[in-house]
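Read through the structure below, which is laid out as structure tokens, and then see the notes.
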């Protein structure tokens, strides 16, 4: 069964550094998403991406964050100048046009120290 | 209050028993989905129920949806130790621009004791 692949599975970074989280969505999916889950808390919507642009972003998704689809396969989340409170599990998801089901990746656990 | 609130927050049952968890939401939805998450792992899609459906089954899972009460329930029958996980409901709503987005509840932690 097709999968959404996320790398790395775990990233440790110094506060203030930039990180790029990578995702390879399912190849025929057109909608892409990033969610995050702070330890012990809800899974929160960050951003949705369609047709090479952001469809919607949450209040969390401020200027510190950006997304990109640099080629036909990768979908990245960049976090500039990381803060301690950015420590969370970040999930990428994709969805096929006309379908309701989302496929989530296994997540990247980001630890900011 | 948040979209997609679940209760109970935690549930402990014996293997073989049924587990029922509920989800309430506030806005109009396209559909409601249930996900499972093993500790520290990814989200696995379990079942989806559309806004015009009232009940759906998939294996040992049964989900109901009452749009008048804006609530849903997930029943896991004949639970197994391997069902131990957190279960999240997520409401799927249309975005203004394009596509949809999921809004997750706080989850129910289910412990199935052997």
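The values are calculated or read from the model by the stated rules, or taken from the named source; none is laboratory data. Bear in mind that the values here come from a model prediction, so they are computed numbers and not experimental data. FYI the Cβ positions are ideal-geometry reconstructions off the backbone, even for glycines, and counts take in every protein chain you see.
Please work out if residue B:72 is in a loop (DSSP other than H, G, I, E, B), touching a strand residue (DSSP E or B) at 6+ places or on another chain (Cβ under 9 Å) and either more than 14 Å from chain A (Cβ to nearest Cβ) or in contact (Cβ under 8 Å) with a residue 60 or more places away in the chain (or both). If you could, list the steps in order and put the result at the bottom.
Working: in a loop (DSSP other than H, G, I, E, B): no; touching a strand residue (DSSP E or B) at 6+ places or on another chain (Cβ under 9 Å): yes; either more than 14 Å from chain A (Cβ to nearest Cβ) or in contact (Cβ under 8 Å) with a residue 60 or more places away in the chain (or both): yes.
No; evaluated as a whole, the condition is false for this residue.
A quick yes/no check of all residues on (1) under 30 Å from residue A:110 (Cα atoms); (2) within 10 Å of the chain's Cα centre (by Cα):
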| site | (1), (2) |
| --- | --- |
| B:10 | yes, no |
| B:19 | no, no |
| B:34 | yes, yes |
| B:40 | yes, no |
| B:58 | no, no |
| B:71 | no, no |
| B:82 | yes, no |
| B:87 | yes, yes |
| B:94 | yes, no |
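For the structure I just gave you, tell me whether residue A:41 is part of a loop (DSSP other than H, G, I, E, B) and without any contact (Cβ under 8 Å) to a residue 60 or more places away in the chain. So residue A:41 fits the description; yes. Taking the stretch A:89-102 as the range and being surrounded by fewer than 21 Cβ atoms within 10 Å (Cβ to Cβ) and on the phi < 0 side of the Ramachandran plot as the test, the residues that pass are A:96, A:97, A:99, A:100, A:101. Within the stretch B:75-114, the set of residues being surrounded by fewer than 15 Cβ atoms within 10 Å (Cβ to Cβ), under 30 Å from residue A:52 (Cα atoms) and touching a residue at least 40 places away in the same chain (Cβ under 8 Å) comprises just one member, B:94.
On the stretch given as the stretch B:17-69, residues that are more than 23 Å from residue A:35 (Cβ to Cβ), part of a loop (DSSP other than H, G, I, E, B) and more than 12 Å from chain A (Cβ to nearest Cβ) total 9.
Might you check whether a residue that is touching a helix residue (DSSP H, G or I) at 6+ places or on another chain (Cβ under 9 Å), over 16 Å from residue A:104 (Cβ atoms) and at pLDDT 95 or above occurs anywhere in the stretch A:20-37? Working first, answer last.
Keep residues of the stretch A:20-37 that are touching a helix residue (DSSP H, G or I) at 6+ places or on another chain (Cβ under 9 Å), which gives A:36.
If we keep only those that are over 16 Å from residue A:104 (Cβ atoms) as well, we get none.
Looking through the stretch A:20-37, none of the residues is touching a helix residue (DSSP H, G or I) at 6+ places or on another chain (Cβ under 9 Å), over 16 Å from residue A:104 (Cβ atoms) and at pLDDT 95 or above.
Is it true that some residue in the stretch A:13-28 is within 11 Å of chain B (Cβ to nearest Cβ) and under 13 Å from the mean Cα position of the chain (by Cα)? No, the stretch A:13-28 contains no residue that is within 11 Å of chain B (Cβ to nearest Cβ) and under 13 Å from the mean Cα position of the chain (by Cα). Is one or more of the residues making up the stretch B:3-26 within 30 Å of residue A:7 (Cβ to Cβ), touching a residue at least 40 places away in the same chain (Cβ under 8 Å), touching a strand residue (DSSP E or B) at 6+ places or on another chain (Cβ under 6 Å) and surrounded by 19 or more Cβ atoms within 10 Å (Cβ to Cβ)? Looking through the stretch B:3-26, at least one residue is within 30 Å of residue A:7 (Cβ to Cβ), touching a residue at least 40 places away in the same chain (Cβ under 8 Å), touching a strand residue (DSSP E or B) at 6+ places or on another chain (Cβ under 6 Å) and surrounded by 19 or more Cβ atoms within 10 Å (Cβ to Cβ). Checked against (1) more than 13 Å from chain B (Cβ to nearest Cβ); (2) closer than 21 Å to residue B:44 by Cβ; (3) within 14 Å of the chain's Cα centre (by Cα), residue A:76 passes all but a single condition, namely (2).
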